[in-house]
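One structure below.
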Amino acid sequence: MTNAVETRGLRRTYALDRRAKTGRSEVVALHQLDLEVAEGSVHGLLGPNGAGKTTLCKILATVLLPTEGEVRVFGRDVRTQTRKVRRDIGIVFGGERGLYTRLTARQNLHYWCALYGLRRPAVRARTEQLLERVGLVDRADEKVEGFSRGMKQRLHLARGLAGDPRLLLLDEPTTGMDPVSARDFRSMVDELRREGKTILLTTHDMDEAETVCDVVTLIDGGRVLAAGDPRSIGALVSRHERVEFDFVGPVAETVRDLLDLPGVVGCTSVSPGRHRVETADDDATKAALSLLVDRGATALTTSRPRLEEVYLKLIGDRGMAVR
Amino acid sequence: MRVFTASFRFQCQLLRRSPGDLSVLVTAPFFSLLFLSMADQAHRSALTPYAVVAPVFMSVWSMSLFVAGDLISRERGTGTLEGLVATPASLSVMVIGRITAAVTVSMLAFAETWLIAWLCFGIVVRVPHPLMLMATLATSALSMAGTASVLAAVFVLVRSARIFQNTLSYPVYLLSGVLVPISALPEWLRPLSKPIFLYWGAALLRDSLSPSDVSSPVGRLLAVTALGAIGFLAGRLLMHQVLRRVRVLGTLGRT
C-alpha cells in the first residue's frame, strides 16, 4: 500500500514576539516528526492542545510551510508541487468558522466547487450530490447563520469534499457537537473510508479515535509518542487482559486467592466496590472468572487496556496546561 | 476564467445579502447634488461634465478600495481565508473577480448622477458616444479591480492596512483630475497625474458625454487598459510573494 502522507524529520517553528520577553525567540510546534498515513486508511492524530496537530494539518493543506524536513502528499512535495497537492486534498477545520453564514448552504457549496475549476453544470451536480450526502437537501436554500452546530459541521464536511479529494484532513471536526450529530458524522467518515478516501483526523475524543480510526498516532510537543491500531495500542501500557468485577463485603480473601492463580499478575481496586484483575493469558482469565462467579462477584467484564489509558499514561494528566 | 466568473457571481450574492456594503450608491447622489450645485452657482457650465463624472468615478474607486481592503479582513474573520488558499484556485483571480463584481454594481452611480442632473437641475446628460462610454466604463472597471488587488495583497500581509485605503482615495481623486481639472494643480504636480489610470478614464468618460469628436480614443483606452494591467500584474506578483511570506510566518489565518 502506498502512503498518502509521508513526513520525514518535519520541523515547524514559530517566531515569538520579542516584546513578549519570554526569553525564547521561537516555539517549536513540530519536532523532527516522522509520520506515514497509508492510502485508504482513517488515521487518527491524538494529542493535547498545543501538541502540533493543527500545525501538521495546515502544512499538509499547504497553508503553512515546513521549517525543515520533507512532507509529501501522494508522493508530491508540499513545498514545490503546491497546486498539485491542493487538487488532492480537502480540509475541514472544526468550530463555527469557515462558512459564509449570510449565504445559503447551496451558494456556499457552489462557490467552493467552482474553486476546483469545475464547469457550471458540474458545479451544480457536485453541489446537489454533496447536499444529498450530508443530508442538507431540505435546508439547502436557507442561510447558514440559522443552522445548528451539527448542520454547520455537515456543511463543513461537504465543503471539504467539494474538490472530491483523495485525502481529507479533519481538524477536530466533532468539537462541540452533540452526541447524535457526532455519531452521524462518524458514520459519514466510515462511508468515506469505504469509498477509498484517506482521512487524517485530529481529535481529543478517545472513543471517536477508537471507533473510526484504523491507526492512531499520539503526539505531544510536536513529537510522535506512539502509533498503532487503536485496539492493540493498549499493549503499550499493558500486555494483559483485565477482568473487572463488583464485590460486596470483604474482598481481601478473594484477592489473595485470585493472585494465587497461575497467570494472574495483579489485582487493584478501581473504585469503591469495583476491582480489576490483570491476567497474562486466556487460561488465567477463565480461571479468574470461574473463581469470581463462585465467590458471588457481579458485573463481570473482560477488556484490553483502552486508548484513553494509553493516552493518559503517555501524555499524562496535565489538567488545563498547554505546552 | 471559471474562477473569475464564479468569484464575480459569488460577490454579487454577498452584496445582495449585505446591502450596507453598497453605501457608495447612497453617497453618490449627494456628491452629484453638491458638485452640480457648485457648477451651477459659479455659472461654469464647462465644469458640468466634471460634476457628472466625478461622483461616478469616486463611487466606483471607493467601492473597489473598500472591497479590496475588506475582502481579506472578512475572509480572515469568517475563517475562510485558509480554506480559500488551500484550493487550487489563484487567490489573485478570486480577489479580482470579486472586486470587479463590486465595481460593476457601483457603476449604478452613473444612473443616479444622470437622474440627479435631470431631476434637480434640468440638465439632460446626453451620451453622443455611447460605445466610447461603454468601453471606458468596462476598461476602467477592470483597471480599478486590477489596481485594487494590490491593496488586497497588502491586507494579507499587514492586518492594519486601513491607512493605505484612505491614502488612495481623495488624494488620488484630486491628482487624477477626477474632481477638478488638473490645470488647477500646480505645474510640478501635473506629471504625476498621467500614470494614474483614473486620469485617462475620467477624461475619456467626459469626452464621451461631449458632442465633439473624441480624440485618440484607441490610444487613450489602451492607456487605461495598460495601466490597469500593470496594476493587475503588480497585484498578482505581490499576492504570490505575500502568500509565500505568510505561509513561512504562519500568520495567514490570524485575525
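The values are calculated or read from the model by the stated rules, or taken from the named source; none is laboratory data. The structure presented is a predicted model; accordingly, all values stated were derived computationally and were not measured. Ideal geometry is used to build each Cβ from the backbone, glycine not excepted, and the neighbour counts take in all protein chains shown.
Just one of the numbered conditions (1) in a helix (DSSP H, G or I); (2) within 18 Å of the chain's Cα centre (by Cα) is not true of B:Trp188: (2). B:Ala86 fulfils the conditions (1) out of contact with any helix residue (DSSP H, G or I) (no Cβ under 8 Å at 6 or more places or on another chain); (2) surrounded by 23 or more Cβ atoms within 10 Å (Cβ to Cβ) except for a single criterion, (1). One residue alone among B:Gly83, B:Gly77, B:Gly69, B:Gly122 is under 30 Å from A:Asp171 (Cβ atoms) and modelled with pLDDT of 85 or more, and that residue is B:Gly83. Can you find even one residue in the stretch A:151-169 that is over 30 Å from A:Gly75 (Cβ atoms), surrounded by fewer than 16 Cβ atoms within 10 Å (Cβ to Cβ) and in contact (Cβ under 8 Å) with a residue 24 or more places away in the chain? No; the residues of the stretch A:151-169 include none that is over 30 Å from A:Gly75 (Cβ atoms), surrounded by fewer than 16 Cβ atoms within 10 Å (Cβ to Cβ) and in contact (Cβ under 8 Å) with a residue 24 or more places away in the chain.
Name the residue, out of B:Ala68, B:Ala54, B:Ala6, B:Ala101, that is buried (at least 20 other Cβ atoms within 10 Å of the Cβ), facing another protein chain (nearest Cβ under 10 Å) and touching a Phe, Trp or Tyr at 6+ places or on another chain (Cβ under 8 Å). The conditions single out B:Ala6. Is the stretch B:109-124 home to any residue that is more than 14 Å from every other protein chain (Cβ to nearest Cβ), surrounded by 18 or more Cβ atoms within 10 Å (Cβ to Cβ), in contact (Cβ under 8 Å) with a residue 24 or more places away in the chain and polar (S, T, N, Q)? So far as the stretch B:109-124 goes, yes, one or more of its residues are more than 14 Å from every other protein chain (Cβ to nearest Cβ), surrounded by 18 or more Cβ atoms within 10 Å (Cβ to Cβ), in contact (Cβ under 8 Å) with a residue 24 or more places away in the chain and polar (S, T, N, Q).
Selection of first residues in the stretch B:167-185 that are closer than 20 Å to B:Ala223 by Cβ and of second residues that are among the basic types (Lys, Arg) and surrounded by 14 or more Cβ atoms within 10 Å (Cβ to Cβ), restricted to Cβ pairs under 6 Å at least 6 apart or on distinct chains, gives the following pairs, ordered by first then second residue: B:Ile182/B:Arg190. With respect to (1) out of contact with any Ser or Thr (no Cβ under 9 Å at 6 or more places or on another chain); (2) in a loop (DSSP other than H, G, I, E, B), the lone exception for A:Glu253 is condition (2). In the stretch A:173-202, the qualifying residues are those that are outside any helix (DSSP H, G or I) and of a type in the set (D, E, K, R), and the one that is surrounded by the fewest Cβ atoms within 10 Å (Cβ to Cβ) is A:Glu195. Within the stretch A:203-230, being assigned to a strand (DSSP E or B) and not acidic (Asp, Glu) holds for A:Thr203, A:Val215, A:Val216, A:Thr217, A:Leu218, A:Ile219, A:Arg223, A:Val224, A:Leu225, A:Ala226, A:Ala227, A:Gly228.
Looking at A:Arg149, A:Arg159, A:Arg166, just one residue is under 24 Å from A:Gly40 (Cα atoms) and more than 12 Å from every other protein chain (Cβ to nearest Cβ), and that residue is A:Arg166.
Would it be correct to say that A:Arg79 is out of contact with any helix residue (DSSP H, G or I) (no Cβ under 9 Å at 6 or more places or on another chain) and more than 9 Å from chain B (Cβ to nearest Cβ)? Answer is yes for this residue. On the basis of being touching a Lys or Arg at 6+ places or on another chain (Cβ under 7 Å), away from chain B (no Cβ under 11 Å), modelled with pLDDT of 90 or more and buried (at least 22 other Cβ atoms within 10 Å of the Cβ), does A:Ala140 make the cut? No: the conditions fail for A:Ala140. Scanning the stretch B:74-83 for residues that are surrounded by fewer than 18 Cβ atoms within 10 Å (Cβ to Cβ) and either of a type in the set (Phe, Trp, Tyr) or more than 7 Å from chain A (Cβ to nearest Cβ) (or both) gives B:Arg74, B:Gly77.
When each of B:Leu179, B:Leu209, B:Leu252 is tested for being in contact with a helix residue (DSSP H, G or I) (Cβ under 6 Å, 6 or more places away or on another chain), farther than 16 Å from B:Gly146 by Cα and within 14 Å of chain A (Cβ to nearest Cβ), the lone residue that passes is B:Leu252. Once the stretch A:101-120 is narrowed to residues that are farther than 22 Å from A:Arg86 by Cβ and of a type in the set (Ser, Thr, Tyr), the residue that is farthest from the other protein chains (Cβ to nearest Cβ) is A:Thr104. Criterion first (over 18 Å from B:Ala89 (Cβ atoms), crowded, with 19+ Cβ neighbours inside 10 Å, more than 10 Å from every other protein chain (Cβ to nearest Cβ) and modelled with pLDDT under 95) does A:Leu45 satisfy it? Against the criterion (over 18 Å from B:Ala89 (Cβ atoms), crowded, with 19+ Cβ neighbours inside 10 Å, more than 10 Å from every other protein chain (Cβ to nearest Cβ) and modelled with pLDDT under 95), A:Leu45 qualifies.
The helices (runs of 4 or more DSSP H) found entirely in the stretch A:41-136 that carry 3 or more residues being touching a residue at least 40 places away in the same chain (Cβ under 8 Å), touching a Leu at 6+ places or on another chain (Cβ under 9 Å) and farther than 21 Å from A:Ser148 by Cα are A:53-60.
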